[in-house]
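Down below is the structure, laid out as structure tokens.
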Protein chains: 2
Amino acid sequence: MIAQQLASSIERRSGVSLWRQIADQILHAIAIGDFAENAALPPEMALAERYGVNRHTVRSAIAALVQDGVLRAEQGRGTFVLSRKRLSYPIGARTRFSTGLQGQTSERHILLLASTVEPASRRVAEALGLARGADVIRLETRGEADGRPVSRATAWFDAQRFAGIDAAMAETGSVTASLKRFAINDYLRQSTVLSARHADAADLADLDLQPGAIVLVTVAVNVTLDGQPIQFSESRFPAERVELRLSANDQAMP
Amino acid sequence: MIAQQLASSIERRSGVSLWRQIADQILHAIAIGDFAENAALPPEMALAERYGVNRHTVRSAIAALVQDGVLRAEQGRGTFVLSRKRLSYPIGARTRFSTGLQGQTSERHILLLASTVEPASRRVAEALGLARGADVIRLETRGEADGRPVSRATAWFDAQRFAGIDAAMAETGSVTASLKRFAINDYLRQSTVLSARHADAADLADLDLQPGAIVLVTVAVNVTLDGQPIQFSESRFPAERVELRLSANDQAMP
DNA sequence: AAAATTTGTCTATTGATATAGACAATTATA
DNA sequence: TATAATTGTCTATATCAATAGACAAATTTT
């Protein structure tokens, strides 16, 4: 009964192994709340029947999720759900990392992984309104909530105008706080483009994901109140841990 | 030089075959515009070296994309990109299917696949403000642009208030037009929740996707201007064909 | 205490995935 | 026209994924 919601369709000869497809579906069922924390998964034999596969194939899927810290298997008792539901990350004109997750986590912060100065690519130059090849600062950051990585972002700033923002980020752990040092007390998200893909090797490592994981990708431009571009960024969110939420209030312009 | 952007990281023993990972990366590179239409892919040997795999593995990836209509291989010449960039689907308080894609496609419409009356699940009842088990109409639709499926949606309406909306949808092919028959001339999107997952078997068939494809999922509630819930819906967008765009204007409340 | 349920481990076999090498067929280039 | 570059096809082999069956180990139920 509990698992009535679990989808039961898998594809053979797809280039994606059956055990991974099953693992993904279990993960999805947990993510949308079909299984409460500590709830028991259906027995291996029941899952095998449902998906029309061998018990060992189900065991491979479960083993991967146990390895991933999502499930806990106990001999003689059953297999149980460890991980909580996905974080709901609000997104809109006034998207801010820290305030957005309030109430869902007890602790959250942004970690600066690396920063470099480089010539602007076409894409970055266009977004920031700079000449192609102009110096930009690139910041690589990771967002963490309760010790779990929930985002991995790459952000670009005009190197001339925002010289030293890397140090400010390292110190404050906040984009909002860092921008205040450059006399920017408020800013808006001008545009956000959303897509999804499989995580690449670097993201797998940085976000502590298993191969085959999906990331939501947002490409965004932040602007000052009078429309000057400040920041161009690409953020990756692990789809198994985070969902993005557009609420009416967030969508409203200030 | 052309393929300088192509990522070159793949994971072994991940449950996802190497040829599928490579196919996904090529697809992604095309989707973000790294390859223009009719541009030549690097030769098979070059790709094999870049990914550190055998040429035959690259050939499997290319074969899948040729089968999928994304690439065209010509003996002696090379392999060329057929498909265009992703559609950019605007999303916000005033999301409408048809108007949103204007300028990007010459033709677009919504097809009603099926409709049924059923008791409301917990999720649907909560969203629509109905008692659990109350009758609701479920519409299954597919959005098409220039003959290509670009969305697959399931929508629920209060069966009492919107009796006959299935017929209206079949006739008009538009949610906006159908709602006008019920004296609703304007409506807003109250909330949107975004996630991503692998397409299930039904979506693979309906959206004409290859196994392993990723879909963006939006769960949304539409309300009247005074906040009464009208429609609850879950839409799936093939990530390889569609990206979702939040622009400042779309985010603004009217 | 006995029986039933459930996860854990082992062996064996089959099919899909990946590697390796050779050579043919077609097109572009020197 | 010869040469190089590129895709297409074939054979062979190794590894991973999936199936099948049997039984052990731990826990819960009767």
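Points worth noting:
- Label-point spacing at A:Gln75 relative to the other copies reads 5.9 nm, in ascending order, each point sitting 7 Å out from Cα along Cα→Cβ.
- Shielding by partners for peptide B:212-222, expressed as the average number of C-beta atoms from other protein chains within 10 Å of each residue's C-beta, is 4.
- Relative contact order of chain A, taken over Cα pairs closer than 8 Å and 6 or more residues apart, is 18 percent.
- The stretch B:87-251: Rg to Rh, with Rh as the Kirkwood radius over Cα pairs: 0.94
- Computed from Cα atoms, the angle from the helix B:18-31 axis to the main principal axis of chain B rounds to 70 degrees.
- Once the 1.4 Å probe is applied to the protein heavy atoms, the stretch B:87-251 comes out at 39 Å² accessible per residue.
- Cα gyration tensor category, rounded, prolate or oblate, for the stretch B:168-238 with a/c compared to 1.5: oblate
- Accessible area of A:Lys180 in the full protein assembly, 1.4 Å probe (Å², nearest 10): 110
- In the assembly of identical copies, B:Ala167 has its label point, taken 7 Å from Cα in the direction of the beta carbon, separated from the corresponding points by 7.4 nm (ascending, one decimal).
- Between copies, the label points at B:Asn38 (set 7 angstrom from Cα along Cα-to-Cβ) are spaced 6.5 nm, reported in nanometres from shortest to longest.
- Total accessible area lost when A and B pair, probe 1.4 Å, Å² to nearest 100: 3500
- Viscosity 0.890 mPa s, 25 °C: Kirkwood-radius Stokes-Einstein D of the protein assembly as shown over Cα pairs, µm²/s: 101
- Relative to the longest principal axis of the Cα atoms of chain B, helix B:55-67 runs at roughly 40 degrees.
- Note on B:29-37: average number of Cβ atoms from other chains within 10 Å of each residue's Cβ is 1.
- Sum of side-chain charges, B:Val223 neighbourhood, beta-carbon under 11 Å (Lys, Arg +1; Asp, Glu -1): -1
- Counting only other chain Cβ atoms within 10 Å of each residue's Cβ, the peptide B:196-207 averages 5.
- Of all the options B:Arg13, B:Arg152, B:Arg236, the one that moves most in a Gaussian network model of chain B with Cα springs shorter than 10 angstrom is B:Arg13.
The values are calculated or read from the model by the stated rules, or taken from the named source; none is laboratory data. All values reported here derive from a predicted model rather than from experimental measurement. Here the Cβ is made from the backbone with ideal geometry for all residues, glycine too, and neighbour counts use every protein chain on show. With ligands, DNA and RNA removed, areas are computed over all heavy atoms of the protein, side chains included. Shrake-Rupley method; radii C 1.70, N 1.55, O 1.52, S 1.80 Å.
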